[in-house]
1. Just to be sure I understand the model, the point goes 7 Å from the Cα along the line to the Cβ. What's the resulting D24 to R140 distance in nm?
2. Please give the net charge around T148, taking every other residue with its beta carbon less than 14 angstrom from that of T148, where Lys and Arg add +1 and Asp and Glu add -1.
3. Would you grab the residues whose amide H sits under 5 Å from the one on V48? Only those 5+ places off in sequence or on another chain, please, with H modelled 1.01 Å from N.
4. How would H152, H5 rank on accessible area, largest to smallest, probe 1.4 Å?
5. Skipping prolines and chain starts, which residues have an amide H placed within reach, meaning under 5 Å, of the one on V91, given they are 5 or more residues away or on another chain?
6. I'd like the FRET efficiency for A33 and S163, computed as 1/(1 + (r/R0)^6) with the beta carbon distance as r and R0 of 45 Å, rounded to 0.05.
7. Please give the FRET efficiency for E13 paired with S155, using the beta carbon to beta carbon distance and R0 = 45 Å, rounded to the nearest 0.05.
8. Pulled fully out, how much extra length does the chain show between D73 and R174, if you take 0.36 nm times their separation in residues and subtract their Cα-Cα distance?
Amino acid sequence: MLASHGHTVLSEEEANDATVWVLDAPGTPALDAVASQRYSDSPRAAVVLTDEPGMPNLLARAGLRGWACLARDVDAEQLDLAVRSAESGLVLLDLPLAATSLSMPATLAGATQTMEPLTARELQVLQLVAQGLPNKGIARRLGISENTAKFHVASLSGKLGASSRTEAVTLAARRGLILL
């Protein structure tokens, strides 16, 4: 299928840094081999054909320069697009895998839809919490009292449905409220 779209197919021994690895239902050793250059100047790109819903999450943490994850029953055009996307440093997921692997738990999705919005000050406080500042440091940075900082932390935690500062930061990052 790849050769029919102008791609050169190489064996593992012939592969170089520019090679896009295409793996069909890979096991742990194959995934380890692909991710082995994650901290180098030339991380690998990969296309993985799988029916495992957790595979996109593994690939997202593998440190690849680009990757695609598709169901194993792809056609030649889809495989060609996946290789070209990964080669360009993009991420590509087919819709069924994206829907199952990236979906949020029902309780979290419900909380997101009904969550009271954070105020501008709560967003400032949240960003400082994410930086690891205690209430005293937040108060100093914002020119407010320590009690007011504590109140803002409690308020934003309540709105996010978090029981700790760490959980508040995690939930906020997942919802796109802060960047880490």
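The values are calculated or read from the model by the stated rules, or taken from the named source; none is laboratory data. Because the structure is predicted, anything quoted here is derived from the model rather than measured. Note that we place each Cβ from the backbone using ideal geometry, even for glycine, and neighbour counts take in every protein chain shown. Side chains included, ligands, DNA and RNA excluded: accessible areas come from the protein's heavy atoms. Shrake-Rupley method; radii C 1.70, N 1.55, O 1.52, S 1.80 Å.
1. Inter-label distance under the simple model: 6.1 nm.
2. In short, +3.
3. Result for V48 returns L23, A68, C69, L70.
4. The ordering from most to least exposed comes out as H5, H152.
5. Distant-sequence amide H within range of V91: W67.
6. On the way: r = 40 Å, r/R0 = 0.90.
Taking R0 as 45 Å, the efficiency between A33 and S163 is 0.65.
7. Given R0 = 45 Å and the Cβ-Cβ separation, E is 0.15.
8. So the chain would gain 33.3 nm between D73 and R174.
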